[in-house]
């Protein structure tokens, strides 16, 4: 992490942690990641965890683009 950076791995919007966590599990189910129902991700290979994170980012970008497109009308 860059020196002086304080955001780390935390949500920037207060109260968004729960929504992001639910979103993570939703995306994991969509792409077929199993064995996380109990909240433990330790048995999941890093490749699959990365796929979940990557898909989350894609979906968030898509949502932001749709929001921006709606504003420009």
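Each value in this text was obtained by applying a stated rule to the coordinates, not by laboratory testing. Bear in mind that the values here come from a model prediction, so they are computed numbers and not experimental data. A quick note on method: Cβ atoms are made from the backbone with ideal geometry, for glycine too, and the neighbour counts reach across all protein chains shown.
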Helix-only mean residue ellipticity at 222 nm for the chain, each DSSP H run of n ≥ 4 adding -39500 (n - 2.57), per residue, nearest 500: -19500 deg cm²/dmol
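If r is the Cβ-Cβ distance from residue 67 to residue 20 and R0 is 22 Å, what FRET efficiency results, to the nearest 0.05?
Working: r = 17 Å, r/R0 = 0.77.
Calculated value: 0.85.
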